[in-house]
Amino acid sequence: MNIETKCLHAGYTPKNTEPRVVPIVQSTTYVYDSTDDVAAVFDDPTKSLIYSRFENPTVMAVEDKIAALEGGIGAMCTSSGQAATMCSLLNILQSGDSFISTATVYGGTINLFAVTFKKMGIECIFVSPDASEDEIKAAFKPNTKAVFGETIANPALTVFDIEKFAKIAHENNVPLIVDNTFPTPILCRPIEHGADIVIHSTSKYMDGHAVQVGGVIVDSGNFDWTCGKFPEFTEPDESYHGLIYTKSYGKAAYIVKARMQLMRDFGCYPSAQSAFYLNLGLETLAVRMKQYCENAQTVAEFLEANDKVESVNYPNLSSSPYHELAKKYLPMGTSGVISFVIKGGRSAAVKFMDSLSLASNEVHVADIRTCVLHPASATHRQLTDEQLVAAGINGGMIRLSVGLENINDILDDLKTAFAAV
Ligand SMILES: *Cc1c(COP(=O)(O)O)cnc(C)c1O
């Protein structure tokens, strides 16, 4: 199946007289004929369903669809993108370990890595996404167990050189984890470039309609967990009668362990209802991503030609320092998210934002509707103008998430707001 077809058909194939649409199985529990049947699933939880804290037929249909879209061997949904990031790393790391991440990852991710993981005894070593091979190699320590980056960073819009980071991670016998939220598997499939694990906030384009918060972890099945650095995969798990993940589950060791250990213990699993909404979004993902890119390209070119705009950051523009990487990894486009700096600083930005009528002011991105955010007034509100400069955020910077309205209506709205500044 091609990817457009997978969006509609992967993960659920109804048999004779079964429902056409994946059913919502809103049940916490599953029934067994005998005590022996229950005992058997506790011996091998992959044999049947136990409890909806970590598995559910509706959610699993969506997991199979996303695994197919990314080209992985398995996936596990989570109740948020944050939970996916957390589990993707805690499945590998423990207290005393470190990992490497690019410094331009999502703000919530930076907080998780630099503050909360630190409290748990896990160190994150940040490197620039533009770091040279030597700089990345120099960041490794003997206890470094993973490398992490975002295909297109939110909100910095830097493009991650997946092949470069994958090569160095593999030379050091550690996996590369890629947050592929903004491109979605329609615009980029990191596994094809060497990523071992792919994660998403499904709250963004995958859902697309802003109706559920969710995340997902996809396992490529390609990483060799028996390389000697990961005893948790190759030594008996006492919480499962001495089961050894690499022995019992082979290539699927990572994703089975994530569900059987972490999801069992943390319980950050989505509801069937949320997975159903996510699936509706996924069905139209291929069509939507193409249109987001087309609309955003037109808007980015319009902004670049506007004399009230100081600069435009959109990796698909030839003026972007990430244009070459974007052509390589994102040949179909770089999603609907643009950031730009309006001349006149903070007050001009606020005036512009408040003069928009179609685009809504919201702390969300990658919605089907055009939306805007002024980082200096919202996510970075506590900073003074001087601190904003130090943090690399211009008071006049606006993040614009271009939606699927008619392009002329989007442009008219922007033109009206510029006229008011
Ligand atoms: C939003 C976002 C997250 C966090 O996801 P939530 O679903 O909000 O928890 C992680 N990574 C990226 C790139 C995001 O944009």
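The values are calculated or read from the model by the stated rules, or taken from the named source; none is laboratory data. Everything numeric here is computed off the predicted structure, so don't read it as measured data. Neighbour counts run over all protein chains shown; Cβ positions are idealised from the backbone, glycine included.
Quick one: would you say Ser128 is more than 11 Å from the ligand (Cβ to nearest atom), more than 23 Å from Met397 (Cβ to Cβ) and hydroxyl-bearing (Ser, Thr, Tyr)? If you could, list the steps in order and put the result at the bottom.
Numbers: more than 11 Å from the ligand (Cβ to nearest atom): yes; more than 23 Å from Met397 (Cβ to Cβ): no; hydroxyl-bearing (Ser, Thr, Tyr): yes.
No: the conditions fail for Ser128.
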### Residue, nearest to Val25 (Cα to Cα), within the stretch 225-270, restricted to residues that are assigned to a loop (DSSP other than H, G, I, E, B) and in contact with a Ser or Thr (Cβ under 8 Å, 6 or more places away or on another chain)
Pro270
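Being out of contact with any His (no Cβ under 7 Å at 6 or more places or on another chain) and within 16 Å of the ligand (Cβ to nearest atom) is the filter here, so list the residues in the stretch 64-84 that pass it. Explain how you work it out, then say what you get.
The initial filter retains those residues of the stretch 64-84 that are out of contact with any His (no Cβ under 7 Å at 6 or more places or on another chain), namely 64-80, 82-83.
If the condition is that a residue be out of contact with any His (no Cβ under 7 Å at 6 or more places or on another chain) and within 16 Å of the ligand (Cβ to nearest atom), then Ile66, Glu70, Ala75, Met76, Cys77, Thr78, Ser79, Ser80, Gln82, Ala83 are the ones that fit.
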## Note on the structure
Note on the stretch 190-206: residues crowded, with 24+ Cβ neighbours inside 10 Å, more than 12 Å from the ligand (Cβ to nearest atom) and assigned to a loop (DSSP other than H, G, I, E, B) are Ala195, Asp196
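Taking the stretch 77-126 only, how many residues are closer than 23 Å to Thr46 by Cβ and in contact with a Leu (Cβ under 9 Å, 6 or more places away or on another chain)? Even if it seems obvious, please write down each step before you answer.
Filtering the stretch 77-126 down to residues closer than 23 Å to Thr46 by Cβ leaves 77-79, 83-84, 86-92.
Applying the additional criterion that residues be in contact with a Leu (Cβ under 9 Å, 6 or more places away or on another chain) yields 77, 86-87, 89-91.
Adding up the residues that qualify gives 6.
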### Query
If you take the residues of the stretch 351-379 that are crowded, with 17+ Cβ neighbours inside 10 Å, of a type outside the set (D, E, K, R) and within 16 Å of the ligand (Cβ to nearest atom), which of them is nearest to Gly396 (Cα to Cα)?
Pro375
### Query
Does the stretch 153-179 hold any residues that are in a loop (DSSP other than H, G, I, E, B) and not aliphatic (A, V, I, L, M), and which are they?
Asn154, Pro155, Thr158, Phe160, Asp161, Asn172, Asn173, Pro175
### Summary
When every residue in the stretch 125-164 that is touching a residue at least 40 places away in the same chain (Cβ under 8 Å) and of a type in the set (Phe, Trp, Tyr) is compared, the one surrounded by the most Cβ atoms within 10 Å (Cβ to Cβ) is Phe160
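For Thr298, are the conditions met, namely being at pLDDT below 95 and in contact with a Leu (Cβ under 9 Å, 6 or more places away or on another chain)? Spell out the reasoning first.
On the way: at pLDDT below 95: no; in contact with a Leu (Cβ under 9 Å, 6 or more places away or on another chain): yes.
Criteria not met by Thr298.
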### Query
Does the stretch 85-95 contain any residue that is assigned to a strand (DSSP E or B) and away from the ligand (no atom under 16 Å from the Cβ)?
no
### Query
Say we look at the stretch 380-405 and pick out the residues that are crowded, with 16+ Cβ neighbours inside 10 Å and either among the small types (Gly, Ala, Ser) or not assigned by TED's automatic domain parsing to the domain that holds Arg346 (or both); which of these is farthest from Val337 (Cα to Cα)?
Gly395
### Query
Quick one: would you say Ser48 is over 28 Å from Asn2 (Cα atoms) and within 16 Å of the ligand (Cβ to nearest atom)?
no
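Going by the structure shown, is Leu280 buried (at least 20 other Cβ atoms within 10 Å of the Cβ), on the phi < 0 side of the Ramachandran plot and either in a helix (DSSP H, G or I) or among the charged types (D, E, K, R) (or both)?
On the way: buried (at least 20 other Cβ atoms within 10 Å of the Cβ): no; on the phi < 0 side of the Ramachandran plot: yes; either in a helix (DSSP H, G or I) or among the charged types (D, E, K, R) (or both): yes.
So Leu280 does not fit the description; no.
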### Query
Does Phe182 count as in a loop (DSSP other than H, G, I, E, B) and within 16 Å of the ligand (Cβ to nearest atom)?
yes
### Query
If Thr116 satisfies every condition in (1) at pLDDT 95 or above; (2) assigned to a helix (DSSP H, G or I); (3) within 26 Å of His380 (Cα to Cα); (4) touching an Asp or Glu at 6+ places or on another chain (Cβ under 9 Å) but one, which is the exception?
(4)
### Task
Answer yes or no as to whether Asn180 is outside the structural domain of Phe340 (by TED's automatic domain parsing), at pLDDT below 95 and not small (Gly, Ala, Ser).
no
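Just to be sure, is His209 in contact (Cβ under 8 Å) with a residue 60 or more places away in the chain, assigned to a loop (DSSP other than H, G, I, E, B) and in the same structural domain as Ala75 (by TED's automatic domain parsing)? Even if it seems obvious, please write down each step before you answer.
Details: in contact (Cβ under 8 Å) with a residue 60 or more places away in the chain: yes; assigned to a loop (DSSP other than H, G, I, E, B): yes; in the same structural domain as Ala75 (by TED's automatic domain parsing): yes.
Yes.
Return yes when Thr158 is within 16 Å of the ligand (Cβ to nearest atom) and of a type in the set (Val, Ile, Thr) and no when it is not.
Details: within 16 Å of the ligand (Cβ to nearest atom): yes; of a type in the set (Val, Ile, Thr): yes.
So Thr158 passes the test.
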